[in-house]
């Protein structure tokens, strides 16, 4: 009985610890355990300031994917987005980097296009918009060059 | 002249002691990666260090999270940014409070009794008896505790973090009226995998420190503190003080240099 007690309590402890660990890493760390289904699309931005791996990709405020990687190519930011299965994005859709609130985090908002052609997996989103540079806007306003 | 001699003598003694601690750790690691590992002893130690610490981790985690929720809310609402309560509670628990406080709690609860237990074995010559029988005392006494601490500390830290996050939720959302979507949504968007790994690596380090210092102080009870009951009590005090201080110092070094991160 005592041996059973020992093994039972150790098992209980390990299970509790592992549940908490996986809660932390899946819920908060956004680890994808089951290899979330989806496809990748690319987009070039002239400025990707503030975007991070794992930032959200949204359409109409609904999260449809995440940023997979950001790298530099030809002095432009190459952003690879992983889009959930079943979400179709037209070739003339526009991807723009936006900020949640005034100091919130950056995310990519995709405004759907009207075209017939859908971007295939691995395809490229041509129309992009860099984030609004708030400081530049303020300095333009302050120094009066804003049209 | 006498003063210089005494200073030199204590410096050399301190150097010897440091060397002995280093050799002790190296031996413990060497014996824990080579078979045979005494599995039944290891399980017993996991029960002692891990399972029996759950209640104290639970209580300290809940109250740490609750006070973070309370203080964080009061401070952040001065800037009108109480929406960031979630990330504040989550990040400070996961990166700093979780690993450090759970390590200090384990030092106080399990570390002290490790030292006392091994110390009493030493002064009642049970360790010498083991050696006489040709059994390796490291394998029977040190390795199970070292491995158990390495296994248990990250798990206890994870439990502490989760309990603390829900403690902060209880205060911030249920008592002070933040919306629950804001608390968890902002936390999810600001906490990253790197932060969680940082906390886990810290707690692994602290596990090694606790097992190392407490086993060493117990194992060498007779040498520095004198034999007898007083020796054990001194060794226990030293073990708790030294490992708590080392945990905080090492925490600073880990955070500032990011060697393992």
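Counting only residues that are within 11 Å of chain A (Cβ to nearest Cβ) and over 30 Å from residue B:253 (Cβ atoms), the stretch B:150-187 holds 4 of them.
If you check A:72, A:21, A:78, A:28 for being under 30 Å from residue A:134 (Cβ atoms) and touching a helix residue (DSSP H, G or I) at 6+ places or on another chain (Cβ under 7 Å), only one passes: A:28. Among the residues of the stretch B:59-83, not one is modelled with pLDDT of 90 or more, surrounded by fewer than 17 Cβ atoms within 10 Å (Cβ to Cβ) and within 13 Å of chain A (Cβ to nearest Cβ).
Listed by position, the strands (runs of 3 or more DSSP E) inside the stretch A:37-147 whose residues that are farther than 20 Å from residue B:192 by Cα number at least 3 are A:38-45, A:62-73, A:76-84, A:94-99, A:106-111, A:127-129. Mind listing whichever residues of the stretch B:181-217 are in a helix (DSSP H, G or I) and farther than 30 Å from residue B:110 by Cα? Within the stretch B:181-217, B:181, B:182, B:183, B:184, B:185, B:186, B:187, B:188, B:189, B:190 meet the criteria.
Under the condition of being free of Cβ contacts under 8 Å to residues at least 40 places away in the same chain and in a helix (DSSP H, G or I), the residues counted in the stretch B:122-136 number 6. Residues in the stretch A:81-106 that are in contact with a helix residue (DSSP H, G or I) (Cβ under 9 Å, 6 or more places away or on another chain) and surrounded by 11 or more Cβ atoms within 10 Å (Cβ to Cβ): A:99, A:100, A:104, A:105. Screening residue B:86 on (1) farther than 24 Å from residue B:250 by Cβ; (2) part of a helix (DSSP H, G or I); (3) more than 14 Å from chain A (Cβ to nearest Cβ) shows it passes everything except condition (3). Among all residues of the stretch B:99-117, there is at least one that is buried (at least 16 other Cβ atoms within 10 Å of the Cβ) and farther than 21 Å from residue B:237 by Cβ. For residue B:23, the conditions (1) within 20 Å of residue B:242 (Cα to Cα); (2) at pLDDT 90 or above; (3) surrounded by fewer than 16 Cβ atoms within 10 Å (Cβ to Cβ) are fulfilled apart from (2).
The values are calculated or read from the model by the stated rules, or taken from the named source; none is laboratory data. If you're wondering where the values come from, they're calculated on a predicted model, not measured in any experiment. No Cβ is skipped: glycine too gets one built from the backbone with ideal geometry, and neighbour counts run over all protein chains shown.
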